[in-house]
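Undergrad: Structure provided below as structure tokens; questions to follow.
Bear in mind these aren't lab numbers, they're just calculated from the coordinates by the rules spelled out. All values derive from a computational prediction rather than experimental measurement. Positions of Cβ are generated from backbone atoms using ideal geometry, with glycine treated the same way; all protein chains shown enter the neighbour counts.
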Amino acid sequence: MRSTMLAMLLVFSAIFPRLLHAADEFTATDYSGVYDCKGVDGHEGEYAGTVTLSIRPAYSSGNYASYDFKLEVPEYGAYLGHAAGNGNHLAMHFALTDPASRDFGTGIAKFRTDAQGRQTFHKFYFQPEYKGGNSGIEDCVKR
């Protein structure tokens, strides 16, 4: 009896926080979409690319959002990752699909609406292992 109650308590304690989290309605702005980006990389210089953000509703609630992230840069490839948002700030992890390059990093972005009513973001990123370390900035506009 005691072990059964303990097992039920463990199961309930594992499920209950998720149920509470799932009950919170998502109230933040959904930044999902395709963005045209221009950036300046510390090693590679100027570049252009496309960012695609796709919200993960099951893991988004209140002011918090979870996304799948993809950056495509011609002549370099696709960087896949994920992002976590709080309001108009989004942190993201990304990695080139070829792991041998050590081309991966973490970025932080701030979203805003420009004078034309378009969603935009400005991102700073850090890559601890790419060519001995690297950083850069990126400005993106939603299509």
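Undergrad: For residues in the range 107-129 being touching a Gly at 6+ places or on another chain (Cβ under 9 Å) and of a type in the set (S, T, N, Q), which is surrounded by the most Cβ atoms within 10 Å (Cβ to Cβ)?
TA: Of everything passing the filter in the range 107-129, 127 is surrounded by the most Cβ atoms within 10 Å (Cβ to Cβ).
Undergrad: What's the total number of residues in the range 34-72 that are of a type in the set (Val, Ile, Thr) and buried (at least 19 other Cβ atoms within 10 Å of the Cβ)?
TA: Step one: list which residues in the range 34-72 are of a type in the set (Val, Ile, Thr), which gives 34, 40, 50-52, 55.
Add one more test, that the residue is buried (at least 19 other Cβ atoms within 10 Å of the Cβ), and what stays is 51, 55.
Number satisfying all stated conditions: 2.
Undergrad: Also: With respect to residue 81, determine if the residue is small (Gly, Ala, Ser), within 15 Å of the chain's Cα centre (by Cα) and under 19 Å from residue 129 (Cβ atoms). Steps first, please.
TA: Numbers: small (Gly, Ala, Ser): yes; within 15 Å of the chain's Cα centre (by Cα): yes; under 19 Å from residue 129 (Cβ atoms): yes.
When the stated conditions are applied, residue 81 passes them.
Undergrad: Out of the range 81-139, which residues are touching a residue at least 40 places away in the same chain (Cβ under 8 Å) and among the aromatic types (Phe, Trp, Tyr)?
TA: Answer for the range 81-139, where residues must be touching a residue at least 40 places away in the same chain (Cβ under 8 Å) and among the aromatic types (Phe, Trp, Tyr): 111, 121, 130.
Undergrad: Let me ask something else about it. Where residues in the range 110-143 are over 18 Å from residue 48 (Cα atoms) and of a type in the set (Lys, Arg), which of them is nearest to the chain's Cα centre (by Cα)?
TA: 110
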